[in-house]
Amino acid sequence: MALEKRLQSLAEEALILMRRPDTSVSVYLISDSLMRELNFKYRRKDKPTTVLSFIEPQIPHPETDKKVLGEIYLAPRYIEKNKEDIDRLLIHGLLHLLGYDHTRKDDKIKMENKERDLARRLLEP
């Protein structure tokens, strides 16, 4: 899974930029149907979505001793079908794991600004 490895590397670069090099996340690429199941189970929304993030207790990763922030699930086919950018969605999911949210207007603005900044620094040549 070359895409999964590339996204994992992108997440690690983003964590370094966010001054969190002592942490790690797990990135999973899943089917639309599994994404729909997870979205219903955890958010009570009976439809697929592009990205879900799940915060884990900050325990050491068994292979690296880094603290595990959580897991990011992405649905590549659904993302492609909706003409969205998988790299930006990974950043979006990572920001959720770091405590960013978009439920209130001021939080949404703060998260969008951070997302744009990280995308510019990580994705633009």
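Taking the range 30-43 as the range and being of a type outside the set (A, V, I, L, M) and over 18 Å from Asp101 (Cβ atoms) as the test, the residues that pass are Ser31, Asp32, Ser33, Arg36, Glu37, Phe40, Lys41.
From the list Thr64, Thr49, which residue is in contact with a helix residue (DSSP H, G or I) (Cβ under 8 Å, 6 or more places away or on another chain) and either modelled with pLDDT under 95 or under 16 Å from Ile86 (Cβ atoms) (or both)?
Working: Thr64 fails: in contact with a helix residue (DSSP H, G or I) (Cβ under 8 Å, 6 or more places away or on another chain).
Every option except Thr49 fails the conditions.
Let's see how each residue does on (1) modelled with pLDDT of 95 or more; (2) loosely packed, with under 13 Cβ neighbours inside 10 Å; (3) closer than 22 Å to Leu15 by Cβ; (4) touching a helix residue (DSSP H, G or I) at 6+ places or on another chain (Cβ under 7 Å):
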residue: Lys81; (1), (2), (3), (4): yes, yes, no, no
residue: Asp85; (1), (2), (3), (4): yes, no, yes, no
residue: Leu89; (1), (2), (3), (4): yes, no, yes, yes
residue: Asp101; (1), (2), (3), (4): no, yes, yes, yes
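The single condition from (1) closer than 19 Å to Arg88 by Cβ; (2) surrounded by fewer than 19 Cβ atoms within 10 Å (Cβ to Cβ) that Leu74 fails is (2). Consider the range 103-113 and keep the residues that are assigned to a helix (DSSP H, G or I) and surrounded by fewer than 17 Cβ atoms within 10 Å (Cβ to Cβ). The one that is nearest to the chain's Cα centre (by Cα) is Glu112. Taking the range 1-93 and the strands (runs of 3 or more DSSP E) fully enclosed by it, the elements with 1 or more residues that are over 15 Å from the mean Cα position of the chain (by Cα) and in contact (Cβ under 8 Å) with a residue 24 or more places away in the chain are at 67-74. Just one of the numbered conditions (1) assigned to a loop (DSSP other than H, G, I, E, B); (2) farther than 23 Å from Glu13 by Cβ; (3) at pLDDT below 95; (4) out of contact with any strand residue (DSSP E or B) (no Cβ under 9 Å at 6 or more places or on another chain) is not true of Pro125: (2).
The values are calculated or read from the model by the stated rules, or taken from the named source; none is laboratory data. Since the model is a prediction, treat every value here as computed from it, not as a measurement. Note that we place each Cβ from the backbone using ideal geometry, even for glycine, and neighbour counts take in every protein chain shown.
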